[in-house]
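A short write-up of the structure that comes next.
The values are calculated or read from the model by the stated rules, or taken from the named source; none is laboratory data. In this text the structure is predicted, and so the values were computed from the model without any measurement. Glycine gets a Cβ as well: all are built from the backbone with ideal geometry, and neighbour counts include every protein chain shown. Ligands, DNA and RNA are stripped out before the accessible areas are found, and what is left, the full protein with its side chains, is counted by its heavy atoms. Shrake-Rupley method; radii C 1.70, N 1.55, O 1.52, S 1.80 Å.
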Amino acid sequence: MAKKGNIVKKIILLVLVGVFTFGGYWAYKNVFKSNVHLDGKKFTYIYIKTGATMEDLLDEMYSQNIIDDHKSFEWTAKEMDLPENIIPGKYRINANMSNRSIVKMIKNGKQEKVKLFLNSQVRTKEEFINYIAGKLEIEEEELEEFCSNENILQEQYGLNSENFMALIVPETYEVNWATHIDELFKLLKASYDKVWTKEKLTKAKTIGYTVPEVMTIASIVQSESAIKTEQQKIAGVYINRLKQDMKLQADPTIVFANGNFDVQRVLSADKEIDSPYNTYRYKGLPPGPICLVNPSTIDAVLNYTKHNYTYFCAKPDFSGYSNFTNDYKVHMKNASAYQAALNQKGIKR
């Protein structure tokens, strides 16, 4: 009887070992084994929209043929409560990922950050909207509506739909793909507040201009030169012209008004455009900045060089420096020399 009992125990033990072995293999296959199919690629991305359901997530992954075994992934997702814990965003799927690692990543919101490269090449509201909508979940229409909402822009930022680009400090921003529009603008405002310290706000008031006006002047100055000492002198010219009720006659504003940012030479015909940004036609500052402004240029304007010059023209040696004068006849000679230098280099446009 003892022998028989031992045999039964051994059989039960073997069965249990078999069950656990099979169970372990099943768990390994369904939960821990790689279940990603990328056709030789090292990784790919999936985008989970705000409010996405489990069905939406599965459609996103299956449409790209990312998952080998659909049933095991769906079982793992259900067991790990993914349907109730889907966090929207951009996720990187690596070639060796298991069901468990994918589910855990999405549940914990371990998503890829999106880098927004906002620099002086972003000039218009339309360019800003198109760029952001192409990078984030935010729709163009939603962003257009926000950037045109005079009440929000005035109450929250002291700006309007014409000059709201003054809010954007040129730098690289890292955000989640599913960032809400309010979160995006809070981030932009945080960088803006770091630049516009109490000292700078006081300085702007001292020289007699609002922050948007300083930013508009700075955008023109920055478009004229990248050399700080030149920027300070150029800012002085424009401020002198404003004080004397002269037209700014700034070529960069003509380029902006025409929307052709590749030109190296402004022609007389360009100055005929009827635009509030045409400072050859209209006195005063244009409605808003013509590019995103670097903090160093803001400093150059706030600390502009005080002089009596009302004209300047780039030197014909293309050094980046300019000739300054308050004599119109001298200015025209300087302009003729520069035009001749452009002709010699074959720069027609």
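For Thr172, the requirement of being exposed (fewer than 15 other Cβ atoms within 10 Å of the Cβ), in contact (Cβ under 8 Å) with a residue 24 or more places away in the chain and of a type in the set (Val, Ile, Thr) is met.
Yes or no: Lys90 surrounded by 15 or more Cβ atoms within 10 Å (Cβ to Cβ), among the charged types (D, E, K, R) and touching a residue at least 60 places away in the same chain (Cβ under 8 Å)? It is true that Lys90 is surrounded by 15 or more Cβ atoms within 10 Å (Cβ to Cβ), among the charged types (D, E, K, R) and touching a residue at least 60 places away in the same chain (Cβ under 8 Å). Tallying residues that are closer than 27 Å to Thr124 by Cα, part of a loop (DSSP other than H, G, I, E, B) and either of a type in the set (S, T, N, Q) or in contact with a Phe, Trp or Tyr (Cβ under 6 Å, 6 or more places away or on another chain) (or both) within the stretch 291-339 yields 2.
Report, by residue number, each residue of the stretch 179-227 that is closer than 30 Å to Pro88 by Cβ and not in a helix (DSSP H, G or I). Steps first, answer last, please.
Start the filter on the stretch 179-227 by keeping residues that are closer than 30 Å to Pro88 by Cβ, which leaves 179-194.
Hits for the stretch 179-227 are Thr179, His180.
Yes/no matrix, rows are residues, columns are (1) in contact with a strand residue (DSSP E or B) (Cβ under 8 Å, 6 or more places away or on another chain); (2) touching a residue at least 40 places away in the same chain (Cβ under 8 Å); (3) exposed (fewer than 15 other Cβ atoms within 10 Å of the Cβ); (4) hydrophobic (A, V, I, L, M, F, W, C):
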site: Glu199; (1), (2), (3), (4): no, no, yes, no
site: Thr202; (1), (2), (3), (4): no, no, yes, no
site: Lys205; (1), (2), (3), (4): no, no, yes, no
site: Tyr209; (1), (2), (3), (4): no, no, no, no
site: Ser219; (1), (2), (3), (4): no, yes, no, no
site: Ala226; (1), (2), (3), (4): no, yes, yes, yes
site: Gln232; (1), (2), (3), (4): no, yes, no, no
site: Gly236; (1), (2), (3), (4): no, yes, no, no
site: Gln244; (1), (2), (3), (4): no, yes, yes, no
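Can you tell me which residues in the stretch 34-87 are in contact (Cβ under 8 Å) with a residue 60 or more places away in the chain, open to solvent by 50 Å² or more (accessible area, probe 1.4 Å) and under 18 Å from Gln111 (Cβ atoms)?
Of all residues in the stretch 34-87, those in contact (Cβ under 8 Å) with a residue 60 or more places away in the chain come to 34-36, 45, 47-50.
Right, trim to open to solvent by 50 Å² or more (accessible area, probe 1.4 Å) and you get 34, 45, 47, 49-50.
Correct list: Tyr45, Tyr47, Lys49, Thr50.
When Thr297 is tested against (1) at pLDDT below 95; (2) on the phi < 0 side of the Ramachandran plot, only condition (1) is not met. Determine whether Met246 is within 24 Å of the chain's Cα centre (by Cα) and either modelled with pLDDT of 95 or more or farther than 27 Å from Glu171 by Cβ (or both). It is false that Met246 is within 24 Å of the chain's Cα centre (by Cα) and either modelled with pLDDT of 95 or more or farther than 27 Å from Glu171 by Cβ (or both). Here Val103 meets each of (1) modelled with pLDDT of 95 or more; (2) under 25 Å from Ala133 (Cβ atoms) with one exception, condition (2). Take the conditions (1) crowded, with 19+ Cβ neighbours inside 10 Å; (2) under 30 Å from Ala257 (Cα atoms); (3) touching a residue at least 60 places away in the same chain (Cβ under 8 Å); (4) not aromatic (Phe, Trp, Tyr); Leu116 misses just one of them, which is (3).
Pairs are defined by a Cβ separation below 6 Å, a sequence spacing of at least 6 or placement on different chains, a first member in the stretch 329-349 that is touching a residue at least 60 places away in the same chain (Cβ under 8 Å), and a second member that is open to solvent by 50 Å² or more (accessible area, probe 1.4 Å) and not small (Gly, Ala, Ser); the pairs so defined are Ile347/Gln264. Screening Val103 with (1) open to solvent by 10 Å² or more (accessible area, probe 1.4 Å); (2) under 30 Å from Asn35 (Cβ atoms); (3) free of Cβ contacts under 8 Å to residues at least 40 places away in the same chain gives one miss only, at (1). Report yes if Leu159 is without any contact (Cβ under 8 Å) to a residue 12 or more places away in the chain and buried (at least 19 other Cβ atoms within 10 Å of the Cβ), otherwise no. Here the answer is no, as Leu159 does not meet what is asked.
All of Asn308, Asn278 fail the test of being open to solvent by 30 Å² or more (accessible area, probe 1.4 Å) and at pLDDT 95 or above, apart from Asn308.
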